[in-house]
Amino acid sequence: MSPRDAFGAPRMGRWPSGQSRFIATLALEPHELAARFGASFVRWEEDGLGPCEGAGIRLPSGRHLLLTRPEHQLGPDTHVEVDWADGPAEARRELLAAMQLDEDVFAWISDEPAPSDEERARHDEFLRKRSMNRAAVPPLVLASQSPRRAELIGRLGLEFETLPADIDESYQHGETPPEHAERLSREKALKIAADRPEALVVGSDTIVVIDGDVLGKPRDTAHAVEMLMRLSGREHEVCTGVAVAHGGRVESGLERVRVRFHALDRAAAEEYVATGEPMDKAGAYGIQGFGSAIVDGIDGDYFAVMGLPVVRMLSLIERHGWRYAFGQLKAASSG
């Protein structure tokens, strides 16, 4: 929250006139100015300026000023904002007196009188159009109930919803395992996007392939043990499709990863299955859990083996016009 949002102006809890304007630049550090009035300094993100810092102060007359400075700005200069209805000359005289400053520390921006109703209307219309044209970050939705995929998106610091997609996962005639994984990821994303077209909907599907056969989730514990014995001491392939749907359009991709198991005896496989971890996972193992003890190595994206290729997902989101900015999404064209 910026000082402008939390401003303690009288009567309305904000600028009395509802708007502010820059009136001056001071050749002083904003922290020094704020300290003279016992004001707390805060940081926030300002559209078009990036990270900013500032404080709201109240002069003896009750007039409120806002001190701001973009963090990327070089030098000590501080911008001063005053209520739009205030006379700049009066604000200037009071600020000089209250801070016991000389004229030479100021570079005045505006000495014109308060704007007319017509000027104010033009300004309000400009702000309205600017607000309409500013892209709002769409909500992010994960079309899956997988806790591993939710964990991976959560690690990125992004807020998201989970809405599992119920689709037919049968193979189509002539479809290869990689094609199957990518198609299912697209269908999952599109299924949820049909009801949430405003959102960025992420769908993903993971399959395990060995000797051309697809290993899905085990039917029971005996089936899980047999899967693990088949993978024991050998290399297999994990194919993870990922798709992002938004506004009626879907983008998708596929990650293929080679995974090597060390040799397992049946007793070890039974012990692993007894933990319960393999029972809801394709191939009957989870690389991020107890299953890490049976994996010798991988060639490819580790997170794809977990169930969601993070970098590829972010690249698909960027194709829709949004980039990852470490904890948040921003318009891809923004700095």
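The table below gives the values:
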quantity: Test: residue in segment 245-265 that is over 28 Å from the mean Cα position of the chain (by Cα), farther than 23 Å from residue 147 by Cβ and of a type in the set (A, V, I, L, M); calculated: yes
quantity: Matching residues in segment 300-313 - criterion: being on the phi < 0 side of the Ramachandran plot and open to solvent by less than 30 Å² (accessible area, probe 1.4 Å); calculated: 304, 305, 306, 308, 309, 310, 313
quantity: Count of segment 86-103 residues which are aliphatic (A, V, I, L, M) and closer than 11 Å to residue 63 by Cα; calculated: 2
quantity: Residue satisfying condition, being open to solvent by 50 Å² or more (accessible area, probe 1.4 Å) and in contact with a Phe, Trp or Tyr (Cβ under 9 Å, 6 or more places away or on another chain), within set 234, 219; calculated: 234
quantity: Filter result (open to solvent by 10 Å² or more (accessible area, probe 1.4 Å), in contact with a Leu (Cβ under 9 Å, 6 or more places away or on another chain) and among the β-branched types (Val, Ile, Thr)) within segment 192-216; calculated: 192, 206, 207, 209
quantity: Qualifying residues in segment 170-191 (those that are modelled with pLDDT under 95 and hydroxyl-bearing (Ser, Thr, Tyr)) - the one least open to solvent (accessible area, probe 1.4 Å); calculated: 170
quantity: Boolean, residue 74 is hydrophobic (A, V, I, L, M, F, W, C) and at pLDDT 75 or above; calculated: no
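The values are calculated or read from the model by the stated rules, or taken from the named source; none is laboratory data. Owing to the predicted nature of the structure, the values given are computational and were not obtained by experimental measurement. Here the Cβ is made from the backbone with ideal geometry for all residues, glycine too, and neighbour counts use every protein chain on show. To get the accessible areas, we keep the full protein, side chains included, count just its heavy atoms, and leave off ligands, DNA and RNA. Shrake-Rupley method; radii C 1.70, N 1.55, O 1.52, S 1.80 Å.
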